[in-house]
Structures are given as structure tokens and as C-alpha cells.
Amino acid sequence: MSWHRDVLGGGGAIDWPRVLLLAVGVSVLITLGTVGVTSSSSFGLYNPSWDGTSEFRKAANDDPTVESHLLRETTEYAELPANETVAFVISPDKQYKNEDIKRIREFVTNGGTLVVLENFGEPGNALLADLGTEARVDGRLLRDERHHFRGPTMPVATDIENHTLTSSVDRVTLNYGTVVNPGEATVLVATSDFGYLGPEEDDLDEQDELRSYPVATVENVSSGQVVVVGDPSLTINTMYDEPDNAAFVGGLYADADYVVFDRSHGASVPPLASMLHLIRNSALLQLLVGSTGIGLVAVVSQAHVRDAVVAIRSRLPARLQPAESRVAGLAGTGLSDAEQAEYLRRRHPDWDEDRIQRITTALNTPRSEGTNDE
């Protein structure tokens with residue numbers, strides 16, 4: 001194999017500098033590839049770590065009943081069939097303003113469903129206010145001393161409303177979440193009667209603080225609806241499979257044809273993932289990439305055919321090889337013109353002197369590729 005010949009020197013000794021160079025090159029390629037397709041940002045769709053949402057994205061991509069899309073600009077809302085689409089806004093980093101708000105409002109007005117997951121950040125609440133919803137996230141830490149996962153700051157919400165969006169849910173496991181103040185919105189999920197609000201360092205010393213708190217709501221806005229969830233951590237990799245978070249999140253888009261992940265105001269998308277997104281949303285780019293791929297396959301295939309022919313010829317007995325192959329072998333042997341001519345006379349007694357002279361001249365002409373006489 002070629003790599004085996006490359007790393008072995010004369011006599012079979014390993015060429016360690018070349019091995020080291022090869023190892024460094026492979027490592028660089030792997031690193032560049034990893035950086036190109038992954039992210040380290042919290043709630044990042046391409047972040048495979050505990051605080052990323054790659055599992056949620058993969059679940060939606062693998063769902064054969066829906067078509068998932070990454071939305072990097074709010075202008076893309078206008079390209080969606082609103083009444084068939086559920087859009088997720090997960091803990092945005094920046095506040096939506098002006099034209100962005102207008103586009104999202106039009107999406108909801110036309111029948112779209114917007115899911116806003118927020119706990120302590122301001123951009124999520126500001127978006128809800130601009131959309132004119134009743135629900136708002138409280139922003140204070142929610143705890144439950146009786147029903148929790150690994151501690152009071154990870155309450156297990158057990159009060160589930162009988163609603164089409166929660167038909168397959170028995171509980172929801174939170175992680176440093178907050179309360180949703182519903183106003184006139186319908187409460188979908190609430191904590192047990194042992195929930196309470198306050199900083200993590202505060203002790204529970206008053207029994208009358210305990211009660212059930214809403215953590216997820218839904219309300220109609222024009223022809224669409226807005227779902228508000230007080231804990232974006234439901235979607236991160238370390239919490240997604242906890243009871244019944246995946247079922248709850250999946251139920252929010254169960255009746256939709258399209259799922260959209262709005263990252264227009266979140267962390268940037270990795271470059272290779274961004275490139276794939278551009279190709280997926282451009283028929284012209286798809287045609288260009290497809291044509292280029294077909295061309296490369298054709299070129300590589302032709303090269304493989306040529307290599308195969310050369311390999312087969314090299315294994316044939318000398319008497320069966322084409323005349324041009326045998327003659328070309330004289331080039332670079334160190335024989336003089338006269339010696340080459342004598343060799344050709346012996347090998348091809350049927351050739352005349354003019355032909356032999358033309359061949360020897362061609363063989364010794366720099367950069368010559370042979371003669372057409374063969």
C-alpha cells in the first residue's frame with residue numbers, strides 16, 4: 001500500500017519524521033473538521049456537550065413526520081407556511097428589535113406557533129411583551145423540597161393539564177427554572193404543591209410559601225399561538241432524556257409539518273453547518289454542488305480506469321505487451337542512440353531504418369511522449 005511505502009525507508013526502516021508529519025497532518029484535519037461542525041455555546045444546536053441542544057436538533061431531524069430548519073435570519077420566517085410550522089426560540093442572547101419583531105408577529109398572526117423558552121434572561125421576556133402575550137417569565141429561581149430530581153433546584157413538575165400539547169406527558173423535569181406568570185394564558189404544566197421561589201442560598205422556613213406554580217403556558221395570539229416555558233434547560237443534552245422532557249418538547253410540534261430553530265439572536269452557527277444550511281436553502285447552489293460532484297466522480301473514475309490498465313499491462317509477459325510500452329521502456333536506460341537502434345533492429349526485424357531512426361530520435365527528445373508510428 002502507498003502509505004506503507006511512504007513511512008518505510010530503505011531496508012524497511014520506519015521513517016519517523018514522515019510518520020510524525022503524517023500524524024500532525026491528520027490531527028490538524030480532524031481538529032478543523034470538529035471546529036467546522038460543532039459549537040461550544042450554551043443551548044447551541046451543534047454543541048454535543050452537556051449544555052448543548054444537539055440531541056433535540058437530532059431528534060427533530062430524525063422525525064419522519066416533520067421537516068426541520070435552522071433559521072439564522074428573521075427574514076426566513078416569511079418563507080415558511082406559518083399555520084404548519086412550530087418555531088423554537090431558546091434563551092436568546094440578544095433582544096429582538098424593530099423589523100425582527102414585525103416578522104415574528106406576522107408569522108404568529110398568520111397561524112404560526114412560537115415556543116419561547118426563557119428563565120432569567122431579558123430578551124425572551126422582551127419578545128413576549130412586543131408580541132403582546134399575557135404570559136411572562138418571573139425570573140426568580142423555582143425550587144421544590146418534596147418533588148425534585150437531584151435537589152430542590154431541579155423540581156419535577158407533576159401537575160399536567162389535559163391538553164393536546166401534553167397528551168403524552170406525566171411530568172417535566174426542570175433544572176434551574178423559573179415560574180411563568182400566566183395572566184389569561186392556559187397553564188400546561190405546573191409544579192407540585194410544594195414549590196416555592198427564592199435564591200438558592202435561602203432556607204425554606206415558612207410553610208405558607210409552598211404552592212403550585214405554572215412553568216409552561218399556551219395562549220392564542222391572532223390566528224397563531226405562543227407557548228412559554230420557564231426553563232430552556234429542558235432542551236439541553238443532559239436534561240433532554242429526563243422524564244418526560246423529550247415527550248413534552250416533541251408534543252409541542254407533534255401536529256406540525258415544519259420545525260424551526262430560531263438562532264437569529266443566539267450564538268453563531270459553525271461554518272460547515274452554516275454552509276450546509278445555505279446549500280439546503282438554495283436550488284442554484286444545490287445544482288452547482290451536484291454538478292461539481294458528478295464531474296469529480298467522472299475524473300476520479302477515469303483515473304482509476306487508467307491506473308487499472310497500466311497495472312494489468314505491467315503484469316503481462318513482454319511478448320504480450322503493446323509495442324509502444326516496450327519501446328517506451330528504452331527511454332532513461334542510458335543506452336546510446338546507436339545501441340537503442342540496434343536493439344530495435346533485433347526486436348523488430350520487420351521495421352525499416354527510417355522508422356527506427358524516428359523512434360530513437362523521439363525517445364531521446366526531452367519531454368517526448370513517444371511517436372505515432374507505434
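Each value in this text was obtained by applying a stated rule to the coordinates, not by laboratory testing. Everything numeric here is computed off the predicted structure, so don't read it as measured data. In this analysis, Cβ positions are derived from the backbone assuming ideal geometry, glycine residues included, and neighbour counts consider all displayed protein chains.
Annotation: the residues 107, 120, 88, sorted from fewest to most other C-beta atoms within 10 Å of their own C-beta, follow the order 120, 107, 88.
Ranked by the mean number of other Cβ atoms within 10 Å of their residues, highest first, the peptides 342-352, 77-87, 254-264 come out as 254-264, 77-87, 342-352.
Placing a label point 7 Å from the Cα of residue 176 along the Cα-to-Cβ direction, the residues of segment 226-241 with a backbone N closer than 14 Å are 231-239. In a fully extended conformation the segment linking residue 129 and residue 168 would gain 11.0 nm over its present Cα-Cα distance, using 0.36 nm per residue. Estimated at 0.36 nm per residue, the fully extended path between residue 95 and residue 355 surpasses their Cα-Cα distance by 85.2 nm. Ordering of 232-240, 133-141, 355-363 by packing is 232-240, 133-141, 355-363, highest average first (other Cβ atoms within 10 Å, averaged per residue). The string of couplings for segment 147-153 from the Karplus curve (6.51, -1.76, 1.60, θ = phi - 60°) is 10, 8, 8, 10, x, x, 7 Hz, one whole number per residue in order, with x for Gly and Pro. Distances between placed amide hydrogens fall under 5 Å for residue 136 paired with 181, all partners being 5 or more residues away or on another chain.
With each label modelled as a point 7 angstrom along the Cα→C-beta vector, the residue 14-residue 49 pair spans 3.4 nm.
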